[in-house]
Structure formats: structure tokens, C-alpha cells
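J.: Here it is, the structure in full.
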Amino acid sequence: MRRKTARKKRTTAYPSLGAAPARRGGAWVVLVLGALVLVNLYVFVWDTKTSVGALKREAEAKSAPAAALPSQPLIAPDAPPAAGSAALAAPAPVGPPATIDGKVGKSDTLGRLLKKSGLSAGETDEVIRSLSGVLDFKTIRAGQTYRIERGADGRVKLFELVVSKVQTVRAERAATGELVGKADTSQTRIELKALGGRIDSSLYAALKGAGETAALVDFFVDVFAYDLDFYNDTHEGDTFRVVVEKEFKDQEFLRYRKILAAEYHGKAGTFRTFWWNNAYYDAKGGSSEKSLLKTPLKFSRVSSGFDRRRMHPVLHTARAHLGIDYAAPTGTPVWAAAHGTITHRAPAGGAGNLVMIRHDGGIETAYMHLSKFAGDQKVGQRVAAKTVIGYVGTTGLSTGPHLHFGVKQNGVYIDPAKLTPMRGKGVTGAEIEAFKSEVGKLESLLGAIMITPVI
């Protein structure tokens with residue numbers, strides 16, 4: 001019985017061994033928590049640098065106005081600066097005013113070129129307003145040079161655009177602070193030049209040989225555009241005479257102004273024209289302008305004529321060719337053959353890019369296979385004779401670059417070469433005497449032009 005009792009006592013003693021460690025673990029937890037509380041109290045309440053109160057006082061000190069801060073010791077005005085402080089005390093040097101030199105781009109307007117030059121919307125508007133009434137904004141062309149200068153205050157001080165050799169426009173900052181526009185036009189002089197020559201190879205070569213530029217060729221061709229086809233009607237031995245205005249700036253030739261009188265004599269006949277009241281007339285006062293140009297472009301050759309039974313070069317079938325084909329390089333300008341209204345301006349199947357123009361007297365002209373149309377024109381718009389309406393191409397059913405030129409009369413296509421053009425209005429009776437007096441002087445100038453005879 002004693003052994004059983006003793007064994008029972010030993011087994012009842014085991015639970016007391018597990019209770020003691022549990023009590024000791026709880027005490028440690030209490031001690032650790034207490035330590036953490038003390039650390040937090042020290043950091044956030046008692047410490048003079050990290051406590052909530054210290055942080056609040058520091059924030060208030062930083063946000064206080066300058067007047068409330070403790071005054072700093074002042075340096076006497078004549079005291080030498082401390083080493084290394086000069087760069088900090090000296091104001092930043094002001095650089096030279098910004099200057100931009102540029103050229104007008106192909107599609108630039110005044111607003112566009114100012115914007116791409118870095119001007120703000122407000123500055124751009126200010127420049128444009130200052131030049132309103134001073135600059136014709138339509139005269140802005142690619143290649144013109146311009147300059148923009150900014151003053152020390154950063155504002156636009158000057159905008160300058162060289163419109164031509166004789167005109168420059170400027171918008172300058174006035175003493176009042178606003179931009180003021182003005183135009184400077186150089187003085188030029190007009191000289192009359194009477195010259196003539198004989199054609200050996202071409203009109204171009206003959207005029208170049210006489211010391212003139214290619215621009216006079218275009219003037220000469222333009223004057224006789226209603227009577228002569230200078231690509232087929234000129235021949236070796238033909239002669240020409242012309243009285244033309246030439247504009248100079250100092251000794252520099254600038255441009256031709258007006259042809260006052262011109263004569264062309266050759267196998268195609270003798271043609272004379274005289275300038276009077278902004279138009280050209282023959283010696284009797286009849287208009288040199290007719291209802292239709294001789295040709296609507298400068299072409300290389302006639303590649304196909306009017307033929308109602310022609311074999312089509314693409315379709316290889318007999319098909320009427322209701323017009324004249326003028327072979328010319330792609331991009332050659334095409335002119336309106338007479339004054340009229342555009343009735344069609346769009347792609348049209350085998351005709352390619354097509355322009356049609358309705359004229360007086362029941363005449364309508366067609367211009368086919370254009371590479372592109374002239375800009376800013378539209379259906380319903382009135383165009384003058386010799387206005388560029390498009391450019392030679394090979395769109396539609398075409399084997400190469402050319403212009404197909406067709407003419408309708410009362411709705412039916414006719415051969416353009418057989419159309420008899422009507423002359424424009426001549427000099428009226430009230431002006432005929434003054435006209436004849438002026439023409440008499442010009443005829444004397446033409447007659448005085450000597451042409452070296454063929455030896």
C-alpha cells in the first residue's frame with residue numbers, strides 16, 4: 001500500500017512543474033511591453049529633438065515670416081566679401097538678345113512661320129496686327145528671308161521680312177511699348193530698251209544673244225499667245241523687234257515691266273501689237289486678244305491630232321480622238337485657253353485628272369491627263385485666260401506625259417485647230433485718236449531697230 005501511495009504522489013507532482021514556466025513567460029511579456037512604452041514616451045514626449053512638441057515648434061519656426069525670424073548679422077557695405085561668395089552675390093549676366101534668321105517655307109503663312117520660330121500665340125497675333133495694312137499677306141512667298149529679334153526683356157523687338165529686292169517690311173517695338181509696322185521701298189528707275197534680232201535656232205537663243213534674260217522670252221510669247229505657236233510657227237530667218245520697259249535699282253537690273261510694242265515677222269506672217277490702257281491692240285485699234293489661245297501650254301510636239309477614227313494606243317481599238325495631244329514633260333504648266341468658269345475639276349476615268357471650262361459663245365474646253373490641279377481653284381470659279389489650271393501628267397488611259405486638249409462648240413467636240421477665234425473689244429471711237437498718236441511714236445521706235453542682214 002505504501003508503494004502505491006508513493007507512486008501516486010510522484011505522478012501528482014508533474015502538473016506543478018508546467019505551471020511555473022507559464023508564469024515566468026507572462027512576466028517577460030509584461031516587462032517587454034513596459035520597456036516599449038517607456039521608449040515611446042521618451043521619443044515622442046520627453047526628448048527635446050524628436051518629441052511632438054519639439055517638432056511642432058520647429059514647423060512653426062520654419063513657416064514664420066521673415067520679419068519674425070531672428071535677425072542675421074549684417075555685413076558692412078564696404079566690407080570685403082568672403083572667399084567664394086562673389087559668384088553667389090553677383091546677379092546672373094544677361095546674354096545677348098535672341099536673333100532668328102530664316103526663310104519662308106513652301107507652305108508657310110505669316111502665322112505659321114512665326115509659330116515655328118517659337119513665338120507664342122499672343123506674340124504672333126501682335127506681329128500680324130502690327131503689319132495689317134502694311135503688308136499684303138498674299139505676297140508671302142517661299143524663299144523670302146526674315147529676321148526675328150528679342151530684346152533684353154524677352155519680348156519681340158523686331159520682325160523683318162524681305163518681300164523683294166525693292167521692298168522690306170518691319171514690325172518694330174516703339175518707345176510706347178507697342179509693335180509698329182512699316183514698309184521700306186527702294187527707289188527704282190524705268191528705262192526703255194528697243195532691241196531686235198534674227199532667229200537662227202530659237203527665239204530664246206536670239207534674245208540671249210541680244211543680252212537679255214529668259215524672262216523676256218516668256219513676255220514675248222505671252223504677248224503673241226493668241227496669234228503664234230512659238231513651238232511650231234517659228235523658223236530660221238524669222239525676225240523680231242520689241243520695245244520693253246526695264247526696271248533697275250541703282251545699276252542692278254530687277255525685272256521687265258511691260259512690252260510697249262512688239263513685232264514678229266516670219267513664214268507665219270507679220271504680227272504687231274501695242275500696249276494701250278492695260279491691254280494689247282494692233283495698229284488699227286483691234287484687240288490682240290482673241291477668244292482662244294493658239295496653244296494652252298509650252299509643249300514639245302503635237303503627238304496626236306483630231307481624228308474620229310484613230311487607233312487608241314492603250315485600248316488598241318478604233319476610237320475617236322476628239323482633241324489634240326501635246327507632248328510635254330510632266331509638271332509643265334497648263335493654261336486656261338480663254339476667260340471662263342470651271343465646270344469640272346476631278347478625276348474622270350480614262351481622261352485622268354480633268355479640268356473643263358465653260359467660255360462665252362457656247363465654247364467649252366477640256367484639259368485631260370493632268371498630273372495635278374493648280375491650287376486653290378474650285379468648280380464655279382471664274383478664271384482668266386493664261387491662268388495656270390493644272391500640270392501635264394499621264395493619269396488615266398495614257399502612254400506618256402501629255403495634255404489632251406479638247407474643244408466643244410454648242411456641246412459637240414470640234415477640231416481645235418479649225419476653230420476661228422473671235423477678237424476681243426477694240427479701242428473705242430472716243431479714244432482712237434489718242435491711241436493712234438501713241439502708236440505712231442511706238443512704230444517709230446520699232447522702225448528704228450536695226451537688224452543685221454544675212455550675208
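The values are calculated or read from the model by the stated rules, or taken from the named source; none is laboratory data. All values derive from a computational prediction rather than experimental measurement. A quick note on method: Cβ atoms are made from the backbone with ideal geometry, for glycine too, and the neighbour counts reach across all protein chains shown.
J.: Collect the residues in segment 127-143 that are among the hydroxyl-bearing types (S, T, Y), assigned to a helix (DSSP H, G or I) and touching a Gly at 6+ places or on another chain (Cβ under 9 Å), keeping them in residue-number order.
T.: S130
J.: Follow-up. Does M368 satisfy the criteria of being touching a residue at least 24 places away in the same chain (Cβ under 8 Å), touching a helix residue (DSSP H, G or I) at 6+ places or on another chain (Cβ under 8 Å) and surrounded by fewer than 17 Cβ atoms within 10 Å (Cβ to Cβ)?
T.: no
J.: Let me ask something else about it. Do we find a residue being free of Cβ contacts under 8 Å to residues at least 60 places away in the same chain and surrounded by 15 or more Cβ atoms within 10 Å (Cβ to Cβ) anywhere in segment 280-289?
T.: Yes: segment 280-289 contains one or more residues that are free of Cβ contacts under 8 Å to residues at least 60 places away in the same chain and surrounded by 15 or more Cβ atoms within 10 Å (Cβ to Cβ).
J.: Also: Tell me whether segment 185-197 contains one or more residues that are surrounded by fewer than 16 Cβ atoms within 10 Å (Cβ to Cβ) and more than 30 Å from W276 (Cβ to Cβ).
T.: No, the conditions are met nowhere in segment 185-197.
J.: Condition (residue is among the acidic types (D, E) and either closer than 30 Å to A261 by Cβ or in the same structural domain as I449 (by TED's automatic domain parsing) (or both)) applied to segment 190-205: is it met by at least one residue?
T.: Yes, segment 190-205 contains a residue that is among the acidic types (D, E) and either closer than 30 Å to A261 by Cβ or in the same structural domain as I449 (by TED's automatic domain parsing) (or both).
J.: With G209, G181, G196 as the choices, which residue is among the small types (G, A, S), in contact (Cβ under 8 Å) with a residue 40 or more places away in the chain and under 26 Å from Y280 (Cβ atoms)?
T.: G196
J.: Test of understanding: among A346, A318, which residue is at pLDDT below 85, surrounded by fewer than 18 Cβ atoms within 10 Å (Cβ to Cβ) and touching a strand residue (DSSP E or B) at 6+ places or on another chain (Cβ under 8 Å)?
T.: A318
J.: Continuing with this model, one more query. Does segment 436-454 include one or more residues that are aliphatic (A, V, I, L, M), in contact with a helix residue (DSSP H, G or I) (Cβ under 9 Å, 6 or more places away or on another chain) and either in contact (Cβ under 8 Å) with a residue 24 or more places away in the chain or not assigned by TED's automatic domain parsing to the domain that holds Y264 (or both)?
T.: Checked segment 436-454: no residue is aliphatic (A, V, I, L, M), in contact with a helix residue (DSSP H, G or I) (Cβ under 9 Å, 6 or more places away or on another chain) and either in contact (Cβ under 8 Å) with a residue 24 or more places away in the chain or not assigned by TED's automatic domain parsing to the domain that holds Y264 (or both).
J.: Of the residues E443, E438, E433, which single one is modelled with pLDDT of 90 or more, exposed (fewer than 11 other Cβ atoms within 10 Å of the Cβ) and assigned to a helix (DSSP H, G or I)?
T.: Result: E433 is the single residue among E443, E438, E433 that is modelled with pLDDT of 90 or more, exposed (fewer than 11 other Cβ atoms within 10 Å of the Cβ) and assigned to a helix (DSSP H, G or I).
J.: If I filter segment 380-417 down to residues being more than 28 Å from the chain's Cα centre (by Cα) and assigned to a loop (DSSP other than H, G, I, E, B), which single residue comes out as surrounded by the fewest Cβ atoms within 10 Å (Cβ to Cβ)?
T.: G411
J.: Follow-up question, since we're still on this one. Of all residues in segment 367-379 being of a type in the set (D, E, K, R) and part of a loop (DSSP other than H, G, I, E, B), which is farthest from the chain's Cα centre (by Cα)?
T.: Only one residue tops the list, namely K378.
J.: Next question. Looking at A215, A262, A225, which is the one that is over 24 Å from A417 (Cβ atoms), of a type outside the set (S, T, N, Q), touching a residue at least 12 places away in the same chain (Cβ under 8 Å) and crowded, with 18+ Cβ neighbours inside 10 Å?
T.: Being over 24 Å from A417 (Cβ atoms), of a type outside the set (S, T, N, Q), touching a residue at least 12 places away in the same chain (Cβ under 8 Å) and crowded, with 18+ Cβ neighbours inside 10 Å holds for just one of A215, A262, A225, which is A262.
J.: Being under 34 Å from the mean Cα position of the chain (by Cα) and crowded, with 18+ Cβ neighbours inside 10 Å is true for just one of F240, F220, F253, F248. Which residue is that?
T.: Just a single option satisfies the conditions, and that option is F220.
J.: Additional query: So L131 ticks every box in (1) within 17 Å of L114 (Cβ to Cβ); (2) surrounded by fewer than 12 Cβ atoms within 10 Å (Cβ to Cβ) but one. Which box is left unticked?
T.: The single condition L131 does not satisfy is (2).
J.: Further, regarding this structure: Could you tell me whether M422 is of a type in the set (A, V, I, L, M), in contact with a strand residue (DSSP E or B) (Cβ under 7 Å, 6 or more places away or on another chain), surrounded by fewer than 18 Cβ atoms within 10 Å (Cβ to Cβ) and in contact (Cβ under 8 Å) with a residue 24 or more places away in the chain?
T.: When the stated conditions are applied, M422 passes them.
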